[in-house]
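Report on one structure; see the data block that follows.
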Amino acid sequence: MKQYDVVVIGAGNGGLAAAVKLLSAGKSCLVCEKHNLPGGFATSFVRGRFEFEASLHEFNGIGTPENPGSTRLLFRELGVEDKIEWVQLKDAFHLISKEEDYRFTMPFGLEAFAEAADKLYPGGKKYTEQLFSVGLQIREALEYLSISKGKPDPSILKEKYPDFLRFASCSVSEGFNAMGFPKMIKDICSAYWCYLGAHCDNLGFIHYVNMLYSYISGGAAIPKHRSHELSLAFETRIRELGGDIWYNAEVTRIITDDMGHVSGVQINDGTEIKTRHVIANCSPHVVYGRLMDPEAVPERALKLTNSRKLAGRGFTVFLALDRSPDDLGIKEHNYFIYDTCDSVRQYKNMGKLHENSAQATVCLNRAIPDCSPEGTTILYMTTLFTEDVWSLVTAEDYFKVKNEVAASMIDRFEKSTDTHIRDHIEEIAVATPITYARYCGHPQGTVYGYESQYWDGLLPRVMMVEEDHFVPGLRIGGGYGERLLGYPSSYKSGYNEAVRTLRDMEKEGE
Amino acid sequence: MLFNIISERRKMIDKAPANQLPSTFAVNELAKALHPGYIPARIAAIREETENVKTFTLVPASSNKVFPYFRAGQYITLSANIGESLLTRPYSLSSSPKQALEGIYEVTVKRDGLFSSWLIDQAAVGTELVLGEPGGDFYHDNLRDSNKVVAIAGGCGITPFRSMIKAVIEGSEDYQITLIYGARTRSDIIFKKELETLSDERIRIIIVLSEEKAEGYEHGFITADVLKKFAPESASFFLCGPDEMYRFVKDELKKLEITDKNIRHERNAAGNRNVDNPRVFKLKVRMRDKVYSIPARENETLTVAMERAGLNAPSRCRSGICGFCHSKLISGTYTVLKEHEYRRAADFKFGFIHPCCTYPDSDMEIDVPTV
């Protein structure tokens, strides 16, 4: 029987980062991936003469080689930095909201952002500057928390990070109210909420403001050759370090011994592989609900998993248009198109199958002009379904329903931006929760892991990592991990679980 | 403050039930029903269409009563062990989407290469095959295409259009079809009776015979004149047939100023390339923890080499587009023909190939996913 120090389940971002970290530490590692490609959502696909990005809108924490962000530093440590070519984005976002009649672009850069806010709302500069100073403190406090391994010194926290403590248990709404933000400033500063998939009454202030600060202070980038480039960079690194990666190899069972410790895995063709350690880059619902024998799952693991809320189920319309963005009048790279900036009501609308056309839309050519043949455009529009409404769709209705929803997304984009794209569609692909369930196996086709709740956001998860660890030899990382969803978070989460696994191995004398 | 949020979270977990978790969800079950991967099936009936063409009716060989639903125009793959080889070939479904839900798929096959000859001459009612799930992007999309479809078929390229015609009649698709079907003589017309007795105002059939003059048929090739005469204004053109037909008809469509957006064609599998006195190279194939050393003929694709050796290598579209055989190149040089080059940009950067349309130019080593 084949034997490895660690088996990683799933070659998503978390699994890839975990494998590279383990291999760098000299451990043997096998990555089992159910699909025939690495990356999970981080991939691309070809239709006709176009290569579409499958999921990435933008990536924060990259910065430049001289002034690196946290994710670039992570990639540097893992030996993949030089394998990826980044393209920096110009503006942060273009916000369109029907109810408030908003239509404006916000730039990257703390100062530029504050100036732009001031132009939209006189006095806005003061509020945003105040928010960014809290943001900086949050970033530093989170770094301190991570080096203090969940045992921070309360006196240091009080002295150095008072704002962090002040907002630690606040939602975004509570925090902005406490800071006395007028509505328009709240709307501008909370525009990114859809990236985290929870509305502002539920979303943790610390989690959100940390992300906002990262975007605005460091800017954002995307890989030149779609996120497939990221995934192949990691894949190549795994091979360089002597790791194994098996495709079409779905893990069907995590085997435990009499002591409840991981002792192996089984894959879909029946092959068993011996290992004492597993890092699962998949949903705890899958791990505890399907991969483990029921009697091997501790009660607390069931309670924790049952307590959580599945986050947004993905839906994306991918379009290749036979005109250039200039010809079509598509000016921006990154659009947020909402019915209302009241995230609670918007979130609720997104729970209905036929009424959801709110979207985060990317025109890839505005970042990478030559991403498609000359005179053409790649545009993709993403929304989330906040309820499991796709469970009612039958096989027979499926193609019809998905195009109905896609049509309403396209109409919405045209109306919101005064563009006409419908007659220029040369290629179209529509990904629904069923598509995401198909490729990545996530429950209900969720793409955002467990939703950030006021009691289950970044901070409590980070502080309770060890308390959430139940099965010796089994760690769970990626989008369901303590850093929640998103590209940088899932890489970091996978890395963290690898570090914890190395620590576990050390403790067990391996 | 920080410790409050911990106790709050503990309380929420305490309150949650310790019930067994659901092992699956409706959305995940639908994904599985539409994309089950491989499906064991059995030949239930064989019908002779023309001298060299037969239609095979397939039914599930497992306890499943239905086949995955699909979009009219898509293909499945058929796999079987023939001699020492394990062969897989794509075939357009000629049956309708609704029939899939009754547990029926049909493929219509012309005697051509090794696999199709085996099907025509050897396969019988009761023969078991493994099917690969429906796929491909040769279908009508109401957000992209006109509701007036001109279907241009050459020879056995009629098969996906039979599915589309049936889909329109049964109501699972909603568009008008003008079928312009090129065949050599009347006896080469596949589905002749079915097409000629069809009476539906949404469907119009024009048959163009190249080697015979007969009443009720056009004569010659599918030229701009023929297209002009029969194609409605602002239509979407769907082409299925041999590559020579694509070249010819696309030139004719250009004369009518039809833009690329409105022309789609089904891709044909990469065949053998023309090489005088083809050499035989050594191909080292890594599959998980196994390594195989096999011969690879210069004029054949790497996938053919692996099939000859009986390896369980991935094979689906065989034309380069689906990416199912995405494999790591470890060493060696190779050629990919332009019309089969659909790799992703990063594949070039990191050295990945699609063996189904890659010809060896030297000894090679590749790492291939196991199926």
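For segment B:219-371, what is the number of Lys pairs with C-alpha distance below 16 angstrom, counting only pairs 8 or more positions apart or on separate chains? For segment B:219-371, qualifying lysine pairs total 9. What fraction, in whole percent, of alpha-carbon pairs in segment A:417-510 exceed 23 Å separation? So the portion of pairs separated by more than 23 Å is 44 percent.
Once you have the alpha carbon radius of gyration of segment B:37-135, what is it after dividing by 2.2 N^0.38 Å, with N set to its residue count?
0.98
Distances between placed amide hydrogens fall under 5 Å for A:G63 paired with A:G69, all partners being 5 or more residues away or on another chain.
Annotation: Cα Rg of segment A:312-378 relative to the compact-globule expectation 2.2 N^0.38 Å equals 1.32.
For the residue pairs A:K90/A:K119; B:K54/B:K192; A:K90/A:K402, the alpha carbons lie more than 22 Å apart in A:K90/A:K402.
Here A:K158 is the anchor, and the aspartates and glutamates within straight C-alpha reach of less than 14 Å, apart from those fewer than 8 places off in the same chain, are A:E140.
Quick one: Cα convex hull volume of segment B:215-371, Å³ per residue? Could the numbers behind the result be given before it?
On the way: hull volume 24.8 nm³, N = 157.
Per residue, the Cα convex hull of segment B:215-371 comes to 158 Å³.
Under 5 Å from the amide H of A:F93 lie the amide H atoms of A:M106, each residue being 5 or more positions distant or on a separate chain, with H modelled from the backbone and absent for Pro and chain starts. Between B:K192 and B:I169, the FRET efficiency estimated from the beta carbon spacing at R0 = 22 angstrom works out to 0.80. Think of each Lys and Arg Cβ as +1 and each Asp and Glu Cβ as -1; about the Cα centre, that makes the dipole of segment A:330-427 roughly 280 debye. Put simply, segment B:148-265 fits an ellipsoid with semi-axes of 19, 19, 13 Å; these come from the alpha carbon gyration tensor as the roots of five times its eigenvalues, largest first.
Size of the dipole of chain A about the Cα centre, Lys and Arg at +1 and Asp and Glu at -1 on the beta carbon, nothing else charged, in debye to 20?
On the way: 55 positive and 69 negative charges, 116 e Å.
Charge dipole of chain A: 560 debye, to the nearest 20.
Converting phi to 3J(HN,Hα) with the Karplus coefficients 6.51, -1.76 and 1.60 and the offset θ = phi - 60°, segment B:311-323 yields 6, 8, 8, x, 8, 9, 6, 6, 10, x, 7, 7, x Hz in sequence order, with x at every glycine or proline. For chain B, the longest principal axis of the C-alpha atoms and the axis of helix B:2-15 are separated by about 70°.
Here is the list for segment A:140-206: trypsin sites (Lys or Arg not before Pro) lying in DSSP coil, each with at most 13 other C-beta atoms within 10 angstrom of its C-beta, are A:K149. Calculated translational diffusion coefficient of segment B:280-367 (4 °C, 1.567 mPa s; Stokes-Einstein with Kirkwood radius over alpha-carbon pairs) equals 102 µm²/s.
As a rough footprinting exposure proxy, the listed residues A:D411, A:D5 were ranked by other beta carbons within 10 Å of their own, and the order from fewest upward is A:D411, A:D5.
What fraction, in whole percent, of alpha-carbon pairs in the protein assembly as shown exceed 35 Å separation? Walk me through the numbers on the way to the answer.
On the way: 203481 of 387640 pairs.
For the protein assembly as shown, the fraction of Cα-Cα distances above 35 Å is 52 percent.
In the structure shown, do any of A:K400/B:K65; A:K224/A:K400; A:K98/A:K400; A:K348/A:K415 have a Cα-Cα gap over 29 Å, and if so which? With Cα atoms farther than 29 Å apart: A:K224/A:K400. In summary, the aspartates and glutamates within cross-link reach of A:K83, defined as a Cα separation below 13 angstrom excluding same-chain residues under 8 places away, comprise A:E229, A:E235, A:E240, B:D347.
Separation of segment A:391-405 from segment B:124-161 is 20 Å, based on Cα centroids.
Counting only Cα atoms, I'd like the Rg/Rh figure for segment A:310-443, Kirkwood definition for Rh.
On the way: Rg = 15.0 Å, Rh = 15.4 Å.
Rg/Rh for segment A:310-443 comes to 0.97.
Here, segment B:1-42 has an Rg and a Dmax of 20.1, 66 Å when only alpha carbons are counted.
Note on segment A:109-218: Kirkwood hydrodynamic radius from all Cα pairs is 14.2 Å, rounded to one decimal. Diffusion of chain B by Stokes-Einstein, at 20 °C in a medium of 1.002 mPa s and with Rh set to the Kirkwood radius over alpha-carbon pairs, works out to 94 µm²/s. Evaluated on chain A, the Kirkwood hydrodynamic radius is 23.4 Å, with distances taken between all distinct Cα atoms. Think of it as helices only: each DSSP H run of n ≥ 4 in the protein assembly as shown is worth -39500 (n - 2.57), and spread over all residues that comes to -9500 deg cm²/dmol at 222 nm. Measuring against 26 Å, Cα to Cα, the residue pairs A:K352/B:K11; A:K27/A:K492; A:K186/B:K15 contain A:K352/B:K11; A:K186/B:K15 as the ones spanning a longer distance. Compute the separation of the alpha-carbon centres of segment B:46-123 and segment A:286-326 and state it in Å as a whole number. Each part's Cα centre sits 35 Å from the other's. Farthest towards the positive end of the charge dipole of segment B:37-135, among the residues B:T88, B:L119, B:L131, is the Cα of B:L131, using unit charges on the Cβ of Lys, Arg, Asp and Glu. Is segment A:43-125 rounded, prolate or oblate when judged by the Cα gyration tensor, a ≥ b ≥ c being the square roots of its eigenvalues, rounded requiring a/c under 1.5 and prolate requiring a/b larger than b/c? Here segment A:43-125 falls in the oblate category. Relative to one another, the C-alpha centroids of segment B:222-252 and segment A:5-46 are positioned 47 Å apart.
Any read-out appearing in this document is the output of simple, stated calculations on the displayed coordinates, not a laboratory observation. In this text, all values refer to a predicted model and were calculated from it rather than measured experimentally. Virtual Cβ from ideal backbone geometry, glycine too; neighbours counted across all protein chains shown.
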